[in-house]
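A.B. asks: Here it is, the structure in full.
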There are 4 protein chains.
Amino acid sequence: MKAFEKPIRIGMVGGGPGAGIATAHRAGMRLDGRYALVAGAFSRDAEKSRAAARELGVNESRVYASYEDMAAAEAARDDGIEAVAVVTPNASHYGVSKAFLEHGIHVICDKPITDDLEDALALHELAEKKGLVFVLTHNYSAHAMVREAAVRVRRGDLGEVRMVQGEFASGWAAGQVEKDTDNKQAAWRTDPVQAGEASVIYDLGTHIHHLARYVSGLSLEALAADVSTVVPGRRVYDNANVMLRFAGGARGAFWITMAATGAEHGLSLRVIGSKASLTWCHEDPHHLTIAWPDGRRETILQGGAAQSDAAAALTRIGLGHPEGFLESFANIYSDAATAIAACRDGVRPERGPLDYPNTADGVLGLQFVEAVRKSAAADGQWMDIETITTLGC
Amino acid sequence: MKAFEKPIRIGMVGGGPGAGIATAHRAGMRLDGRYALVAGAFSRDAEKSRAAARELGVNESRVYASYEDMAAAEAARDDGIEAVAVVTPNASHYGVSKAFLEHGIHVICDKPITDDLEDALALHELAEKKGLVFVLTHNYSAHAMVREAAVRVRRGDLGEVRMVQGEFASGWAAGQVEKDTDNKQAAWRTDPVQAGEASVIYDLGTHIHHLARYVSGLSLEALAADVSTVVPGRRVYDNANVMLRFAGGARGAFWITMAATGAEHGLSLRVIGSKASLTWCHEDPHHLTIAWPDGRRETILQGGAAQSDAAAALTRIGLGHPEGFLESFANIYSDAATAIAACRDGVRPERGPLDYPNTADGVLGLQFVEAVRKSAAADGQWMDIETITTLGC
Amino acid sequence: MKAFEKPIRIGMVGGGPGAGIATAHRAGMRLDGRYALVAGAFSRDAEKSRAAARELGVNESRVYASYEDMAAAEAARDDGIEAVAVVTPNASHYGVSKAFLEHGIHVICDKPITDDLEDALALHELAEKKGLVFVLTHNYSAHAMVREAAVRVRRGDLGEVRMVQGEFASGWAAGQVEKDTDNKQAAWRTDPVQAGEASVIYDLGTHIHHLARYVSGLSLEALAADVSTVVPGRRVYDNANVMLRFAGGARGAFWITMAATGAEHGLSLRVIGSKASLTWCHEDPHHLTIAWPDGRRETILQGGAAQSDAAAALTRIGLGHPEGFLESFANIYSDAATAIAACRDGVRPERGPLDYPNTADGVLGLQFVEAVRKSAAADGQWMDIETITTLGC
Amino acid sequence: MKAFEKPIRIGMVGGGPGAGIATAHRAGMRLDGRYALVAGAFSRDAEKSRAAARELGVNESRVYASYEDMAAAEAARDDGIEAVAVVTPNASHYGVSKAFLEHGIHVICDKPITDDLEDALALHELAEKKGLVFVLTHNYSAHAMVREAAVRVRRGDLGEVRMVQGEFASGWAAGQVEKDTDNKQAAWRTDPVQAGEASVIYDLGTHIHHLARYVSGLSLEALAADVSTVVPGRRVYDNANVMLRFAGGARGAFWITMAATGAEHGLSLRVIGSKASLTWCHEDPHHLTIAWPDGRRETILQGGAAQSDAAAALTRIGLGHPEGFLESFANIYSDAATAIAACRDGVRPERGPLDYPNTADGVLGLQFVEAVRKSAAADGQWMDIETITTLGC
């Protein structure tokens, strides 16, 4: 039982009818019983927003026409929200997050942090200055077996990391371009104005970039990219190959696409070390595979005694009870709840290296997007990634 | 968004500190936002019960010393609970469930329904007479891909069903018998007084029995069993092989054990038909495999367009976003919420053949346990299972 | 390089046009270069026999009209065959094998050894008396990873063996009964006169029975069986479930069928021990999986350093170079060649417990068939298997 | 039965004690009984060569001190060899192959064809001029399920090919550099003089390059590469990432390494089309997976009715009888035997697009190596691959 006496009062911006990722955020809030959703600006359309509120059990008096109103009004209440979940399209993440931070409200924001590197840096500084919790939902890093992988790399099980090969090769946009507008999600993600020409790099690229950093513990130093549009007529890039050079000499590659016809989810990571290698695949998230040079391939089962304490902390039931996508959101929300609850007592929470992703991760993600864009534009030239040293890794 | 305007007010009996399956029940309540947990008798120890209430956000005024008090008091309130979740050890399921049914409160009860066939029949009759919803949490039948399997069998994709091979071969109790008392769960499940000598048949056997019936759509007519204790010194049976004859001529077998060293969960089902066969494994719950005679083995991915509407209704996010154990509980709780909400309007809910398990399933499960016991006691003689025709299948 | 200066001169009885398993026997002879096929009675039809000889490079002067002629004539030659491969239908195994043994010629015989227990015992005694090598091609026991499994059980890696669960659930005869006569193989295996009513028990049952004994090292003491015909109109049994009790107390079950629609091969074995469990599946023969109680599932890869010397001896190339069905035959033929070559020097070869299967295995296999038949006929009564102690295990 | 009346008389250059790939070549010759190994120059050491001959059953009179002597002497005999298998280190492939071609003897040569592009072109022209069969043993293209993949791409099942992602990430050289000299194979492959600095590109890169072309049917137009040495102290490259652009617009990437710690074999290919995608993995060679956009993932089982005639022709036993690495060599040798046998009758064999690899494939492979080297030397600049149009693809 992880629940606390007083659930964290939270609001949501975005997540009205037809919303996608909001489902995961709401499940993340609910699963462990540590949040109460009490306010929202669910849609720009007032009627849709109220409809959502009714379904979600949010009192109509705390449904707002705009996020600005919501931030101001909630900040003024004694029982106002302590945190906000931002689940709008990328382009508005900056404005929304900034408004709530300025009113002293913690932020849990969907990725990518913004669609612009400068904005991301500004949010980073603002959150730091305010001493507020800012959680970026790169949820895959909150799977128990991903955390297990990160623990094992850091304690040296794999020896020196030599290669990092990642892919996020989804098939959701592999169809005809005419289908791009079939639903709300597809429509904005394939619109160069809303999603940017680099769409898939923001959407899927920042995930695999974060996951690779999170597990390997390495900083990316340089990359060379080939970006393309493989579905005829599409107006944004939908495929990228990226070659990678990490600090310390490790090499690697990413394959990032939303057009891998028939793919299930397509997210996987391999880290090759001098002593052993590991593989994690999102299609089978409760397992982690370690390959040893003597011809033993060992699968670590979530919930077994062989897993680390860090992974055990993310396991609700135990061995043989698969936890999946929604549980990874719940894990991030639970980490966030612990941090936010600590702030209640005026304690600035210490964030460990394997804790929830934050603004620093967001900034590094946007650096990655920028570097891919520049390299592709320069016909695959290697691009150095200027490490923002004050952010750490 | 499956949420409704007014969440169902629910209470819980059992589920105090150290409880196991209560975690799944609470997640099942929370995930879709359709329940509010507002009352409980979480433990026979009053202080432990209050502690649980604090963590769960239940008001102290609605924490009860006994389930009898709780049933009476809640039934008397205008805002009393509409339903109760029963998560105590098997032996008390009958008494608790009866008390709430008699006070007009719907019941969601962990399996097996009782530890005695007569009691099970009595609950069945009581629920029918009262017109109340009684949900038995054979949760595996609420996995999207299990429902998909059941749909495909019924629409004839497999042709005539010829064999049904199932197993629930868990390894949780494969260790030394001294470990049987290590934790609360293990202690009662390996105590012949609390769990019965047939322990594993109640605990795991009723699950695979229900799953086999649910997917195949067949009634079990007769069985022959070999029951054993493979961990030296243990006082209950921990292993069983059972041969099966189904109505219509299909044959099959179950392997049921809690001593399969190193097993992850160990639940799987295969149904062999004249046209095709299917396999579902709990370790990989979001996939269903169909084998065709021409050497094609087809995996149906949860969330894809190839799945039926019935499976789509149990899918929260979509293709590539694995849903697991807790989601299966949430699916049952969501089915239950729909039925309970219908009763609010005085409508007696119609239950379709693939809906949540109920008292009839509970009775059939106990018939199975009895038949296994009798056959094993008679050195493996075939035992007919007297079909309770009024229950249907 | 396993080849020797002088390949073993071998003949073949059966294996004419349309033959099935003869292909595997011939590949087994050829792969390691230790045999020269120099004589044969490939078919009862003289012209077909000569046609086969031409394709196989056998000189016409050594093609015989009958196996009796062949045995006599080859025994009389200075350069006569040293061994014969018997690949005729089951019913003739006894007569053919007896003829060659009596002429002092070693025998490599396809399984089952005969279709009659008394005949099998007679062959056993004859081979013993003559001091000749008799190899029964239960080829699965010659897969490197099956031998690895047997080694690991014997050296105690699994602790005490508690359960043995096996299945050979093939789908080759899952179609309509009209297809039973489609080809030569199907025709005799579904004809009660040629294959016996217990067809599938002879054909697939003896394989899983041998494999279970080979890996577990346990003697089968008693069984209870349910035998059925699941394809309407078929005249032989095509499906069986068998419950097993082994010496020392281990329990188990077999599922044996030729009607598992869509199955690939369907042969697999699990051995559950007090310390660990193992699984081997024929669809993935170069891997062996060990499950440990702490939630680690370890796959041993053929050719890696972790495999035993016994498995390494059956590995031709090394890690990552899959060896399959034909290689398992070549392994048995290579074991046989070593034994036969030893006899050249007048040395009676010592046969280790993990070496090629022989007449004793054949006799035990037929005991298993008889016990299944008797139990099924007695409505599933437990049948003791009279251990033929002089045979060992 | 694929055997012919008169086996093809073949000799071997290389393949003495300690040899690696010669084992596969010899198995390839033997498995289907279509070759007789009758001559050889197995080692530069005369005694070792004679020892090998004794083990292989080659008459001492046809063991030669040099390949030059062998080519001349065998060409002069009435019963001289019709073909030679060349299994020496890369650097001598050119000289050996040339000698035999000039004497009118067909060549079956291990890959890569040579270590120099000009030499490869010279062999190509010589073989064409002489009208001789030259088979390059890119054996993976002779797996039944790889041929199935190629057939399905060509008949349009996948629609337009959009991406081609391949990897050959082996772990054989992942250890400490001191182990590089542990055995004969490792010693020459990590010696820059014998293997070239680009070692892994010749050894593994040419395989994945051929496999990608073979299955996709596409010509590689340009590439950009990052080449590195990840094992400290090693004197050759052991890791490469390569980005790919194919004729017609498809994109892709290769990961090529011999230092993927713990890898089993590491060869796999994915081809993404507009209608469906396919995956083939060498660890599971008898299966081919097709992913469809509607969430069905279909595995084609070797030997089933769903496979094409082309795959059926490479299947010896049938469904459920795994064929592996040695069988792929046997398939190439069998294709070669058909072509060589045709030449006996003075017919120049027509080679279909999916037949055995030849000198043209060898030339294209070396172009690939050259392009990788040049791109890596130019810091990853894109390199055009000048298509040798007369070679076709």
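What follows draws every value from the coordinates through simple rules; no lab data is involved. This one's a predicted model, so the numbers in the text were calculated from it and none came from an experiment. Every residue, glycine among them, receives a Cβ derived from its backbone with ideal geometry; neighbour counts consider all protein chains shown.
A.B. asks: What number does the stretch B:8-132 give for Rg over Rh if you use C-alpha atoms and the Kirkwood radius?
C.D. replies: With Rg and the Kirkwood Rh in hand, the quotient comes to 0.94.
A.B. asks: May I ask you to list the lysines whose Cα is less than 28 Å away from that of B:Lys129, ignoring any residue fewer than eight positions away on the same chain?
C.D. replies: Reachable lysines: B:Lys6, B:Lys98, B:Lys111.
A.B. asks: Could you pull the copy-to-copy label distances for C:Gly249, with points set 7 Å along Cα to Cβ, in nm to one decimal and sorted shortest first?
C.D. replies: 4.3, 5.7, 7.1
A.B. asks: Just to verify a number: FRET efficiency for C:Glu197 and C:Glu386, C-beta to C-beta distance, R0 = 22 Å, to 0.05?
C.D. replies: Given R0 = 22 Å and the Cβ-Cβ separation, E is 0.50.
A.B. asks: With a 10 Å Cβ neighbour count serving as the proxy for reagent exposure, in which order, fewest first, do B:Ile105, A:Ile113, B:Ile256, B:Ile317 appear?
C.D. replies: Placing the least packed residue first, the sequence is B:Ile317, B:Ile105, B:Ile256, A:Ile113.
A.B. asks: For D:Lys179, give me every one of the aspartates and glutamates with a C-alpha distance below 17 angstrom, ignoring sequence neighbours fewer than eight places off in its own chain.
C.D. replies: Candidates past the 8-residue exclusion: A:Asp294, D:Asp191, D:Asp238.
A.B. asks: Given Cβ point charges of +1 (Lys, Arg) and -1 (Asp, Glu) and nothing else, what value in debye, to the nearest 20, does the dipole of the protein assembly as shown about its Cα centre take?
C.D. replies: Dipole about the Cα centre, nearest 20: 0 debye.
A.B. asks: Here's something else I'd like to know. Residue of D with Cβ nearest the axis relating D to B, plus distance in whole Å?
C.D. replies: Of all Cβ atoms in chain D, the one nearest the axis gives D:Glu298, 3.
A.B. asks: Continuing with this model, one more query. What's the center-to-center distance, using Cα atoms, between the stretch A:46-62 and the stretch B:100-172 in Å?
C.D. replies: Taking the Cα centre of each part, the stretch A:46-62 and the stretch B:100-172 sit 36 Å apart.
A.B. asks: Shifting gears a bit: Rg and Dmax in Å for the stretch B:114-159, alpha carbons only: what are they?
C.D. replies: 15.3, 39
A.B. asks: Over 10 Å intervals from 0, what percent of Cα-Cα pairs in the stretch C:265-380 sits in each interval?
C.D. replies: Reading the bins upward from 0: 11, 28, 33, 21, 6, 0.
A.B. asks: Between copies, how far does the label point of D:Asp379 sit from its twins, in nm, shortest first, when each point is 7 Å from Cα along Cα→Cβ?
C.D. replies: Here the equivalent label points are 1.4, 8.7, 8.8 nm apart from this one.
A.B. asks: Size of the protein assembly as shown along its principal axes in angstrom, Cα-based, largest extent first?
C.D. replies: Between the extreme Cα coordinates on each principal axis of the protein assembly as shown lie 104, 81, 50 Å.
A.B. asks: If the cut-off is 17 Å between C-alpha atoms, which aspartates and glutamates fall inside it for A:Lys130, apart from same-chain ones fewer than 8 positions away?
C.D. replies: Within reach: A:Glu82, A:Glu102, A:Asp119, A:Asp345, A:Glu350.
A.B. asks: Let me ask something else about it. Determine the shape class of the stretch D:156-314: with a ≥ b ≥ c the square roots of the Cα gyration tensor eigenvalues, call it rounded for a/c under 1.5, and otherwise prolate if a/b is greater than b/c, oblate otherwise.
C.D. replies: prolate
A.B. asks: Hey, what's the per residue convex hull volume over the C-alpha atoms of chain B, in cubic angstrom?
C.D. replies: 139 Å³
A.B. asks: Same structure again: Dipole magnitude of the stretch A:1-158 about its Cα centre, charges +1 at Lys/Arg Cβ and -1 at Asp/Glu Cβ only, in debye to the nearest 20?
C.D. replies: 660 debye
A.B. asks: Further, regarding this structure: Treating the point 7 Å from Cα along Cα-beta-carbon as the label, what are the nm separations from A:Asp78 to the other copies, to one decimal?
C.D. replies: The projected label point of A:Asp78 is separated from its counterparts by 2.5, 11.7, 11.7 nm.
A.B. asks: Could I ask something else about it? Using R₀ = 35 Å, calculate the FRET efficiency as 1/(1 + (r/R₀)^6) where r is the Cβ-Cβ separation of B:Arg235 and B:Glu68; round to 0.05.
C.D. replies: 0.65
A.B. asks: Still on this structure, please answer the following. Within a 10 angstrom radius of each residue's Cβ in D:25-34, how many Cβ atoms of other chains show up on average? Whole number is fine.
C.D. replies: The mean count of partner-chain Cβ atoms within 10 Å per residue comes to 5.
A.B. asks: Determine, from the Cβ-Cβ distance of D:Lys6 and C:Ala91 and an R0 of 25 Å, the FRET efficiency 1/(1 + (r/R0)^6), rounded to the nearest 0.05.
C.D. replies: It comes to 0.10.
A.B. asks: Continuing with the same structure: What value, in deg cm²/dmol to 500, does the helix sum -39500 (n - 2.57) over DSSP H runs of n ≥ 4 give at 222 nm once divided by the residues of chain A?
C.D. replies: -10000 deg cm²/dmol
A.B. asks: Separate question: Among B:Tyr64, B:Leu123, B:Leu37, which residue has its Cα furthest toward the positive end of the charge dipole of the stretch B:8-132, with +1 on Lys/Arg Cβ and -1 on Asp/Glu Cβ?
C.D. replies: Positive-end residue among those listed: B:Leu37.
A.B. asks: A follow-up question, please. Hey, how many Å between the Cα centroid of the stretch A:306-338 and the Cα centroid of the stretch B:286-334?
C.D. replies: The stretch A:306-338 and the stretch B:286-334 have Cα centres separated by 22 Å.
A.B. asks: Which whole number in µm²/s is D for the stretch B:261-317 by Stokes-Einstein, with the Kirkwood Rh taken over Cα pairs at 20 °C and 1.002 mPa s?
C.D. replies: Diffusion coefficient, whole number: 168 µm²/s.
A.B. asks: Would you work out if the stretch D:12-82 is rounded, prolate or oblate? Take a ≥ b ≥ c from the square roots of the eigenvalues of the alpha-carbon gyration tensor; rounded if a/c is under 1.5, else prolate when a/b is larger than b/c, oblate otherwise.
C.D. replies: It is oblate, given that a/c is not under 1.5 and a/b is not larger than b/c.
A.B. asks: Local charge sum around D:Arg147 (other residues, Cβ-Cβ under 11 Å, Lys/Arg +1, Asp/Glu -1)?
C.D. replies: Net charge in that neighbourhood comes out at -2.
A.B. asks: Quickly work out the A:Glu160-to-C:Ala75 label distance, labels modelled 7 Å from Cα along the C-beta direction, and quote it in nm with one decimal.
C.D. replies: For the pair C:Ala75/A:Glu160, the computed spacing is 7.1 nm.
A.B. asks: Here is a further query. Under a point spin-label approximation (7 Å from Cα along Cα-to-Cβ), what is the D:Lys129-B:Glu47 distance to one decimal in nm?
C.D. replies: Here the answer is 10.0 nm between the modelled labels.
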